[in-house]
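The values are calculated or read from the model by the stated rules, or taken from the named source; none is laboratory data. What you see is a predicted model, and the numbers here were worked out from it, not measured in a lab. Virtual Cβ from ideal backbone geometry, glycine too; neighbours counted across all protein chains shown. Quick note on the areas: whole protein, heavy atoms, side chains included, nothing else; ligands and nucleic acids left out. Shrake-Rupley method; radii C 1.70, N 1.55, O 1.52, S 1.80 Å.
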Amino acid sequence: QVQLVESGGGLVQAGGSLRLSCAASGRTFSSYAMGWFRQAPGEERELVARISGSGGNLDYVDSVKGRFTISRDNAKNTVYLQMNSLKPEDTAVYYCAANLLYVRLTSAGTYWGQGTQVTVSS
């Protein structure tokens, strides 16, 4: 079992930046693909970004390409989401997720953090 704890959320003005962190428990962090999801009120949860265990494979939802960067530090059991040029439509609860398989992050067996609120004001 994997335990995930997000941090770094908060209130920021449009155009600003924020970095989210997700700390994971366990000794096998590098074996897990990691992802960031978000859910706005009344909206479906969407995959924002994901990264493979080695960090060699990454992808992003089109709406954040060029603005967000996912990265990981396996020595620290931590995955990050650097968010630049933030827009009000980025406002959501952001969740960290982990799965042994990159392609199964939205499937059963994925572990989830509690989420952290990101609010972008205009």
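Which condition number does GLY35 fail, the rest of (1) of a type in the set (Gly, Ala, Ser); (2) under 15 Å from LYS76 (Cβ atoms); (3) part of a strand (DSSP E or B) being met?
Evaluating GLY35 over (1) of a type in the set (Gly, Ala, Ser); (2) under 15 Å from LYS76 (Cβ atoms); (3) part of a strand (DSSP E or B) leaves (2) as the failure.
Between a first residue in the range 109-122 that is without any contact (Cβ under 8 Å) to a residue 40 or more places away in the chain and a second residue that is part of a loop (DSSP other than H, G, I, E, B) and surrounded by fewer than 19 Cβ atoms within 10 Å (Cβ to Cβ), which pairs have beta carbons less than 8 Å apart while being 6 or more apart in sequence or on different chains?
GLY109/LEU100
Anything in the range 97-112 that is more than 17 Å from THR28 (Cα to Cα) and either of a type outside the set (Lys, Arg) or surrounded by 14 or more Cβ atoms within 10 Å (Cβ to Cβ) (or both)? List them, or say none.
Within the range 97-112, VAL103, THR106, SER107, ALA108 qualify.
Taking only the range 4-44 into account, find how many residues are of a type in the set (Gly, Ala, Ser) and free of Cβ contacts under 8 Å to residues at least 12 places away in the same chain.
Number of matching residues: 1.
One residue is enough: does the range 78-90 have a residue meeting the conditions touching a Ser or Thr at 6+ places or on another chain (Cβ under 6 Å), in a loop (DSSP other than H, G, I, E, B) and of a type in the set (D, E, K, R)?
no
Could you list, in sequence order, the residues of the range 45-57 that are open to solvent by 20 Å² or more (accessible area, probe 1.4 Å) and without any contact (Cβ under 8 Å) to a residue 40 or more places away in the chain?
GLU46, SER54, GLY55, GLY56
Say whether the condition of being closer than 18 Å to ALA75 by Cβ and β-branched (Val, Ile, Thr) is met by at least one residue in the range 8-24.
no
Take VAL2 and decide whether it is among the β-branched types (Val, Ile, Thr) and under 11 Å from the mean Cα position of the chain (by Cα).
no
This table checks each residue for (1) at pLDDT 95 or above; (2) closer than 17 Å to GLN39 by Cα; (3) crowded, with 19+ Cβ neighbours inside 10 Å; (4) under 15 Å from the mean Cα position of the chain (by Cα).
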| site | (1), (2), (3), (4) |
| --- | --- |
| VAL79 | yes, no, yes, yes |
| ASN84 | yes, no, no, yes |
| ASP90 | yes, yes, yes, yes |
| TYR95 | yes, yes, yes, yes |
| GLN117 | yes, yes, no, yes |
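Tell me, which residue of the range 12-42 that is under 17 Å from the mean Cα position of the chain (by Cα) and charged (D, E, K, R) is most open to solvent (accessible area, probe 1.4 Å)?
So the residue we want is ARG19.
Which ones in the range 12-70 are in contact with a strand residue (DSSP E or B) (Cβ under 7 Å, 6 or more places away or on another chain) and aromatic (Phe, Trp, Tyr)?
TYR32, TRP36, PHE37, TYR60, PHE68
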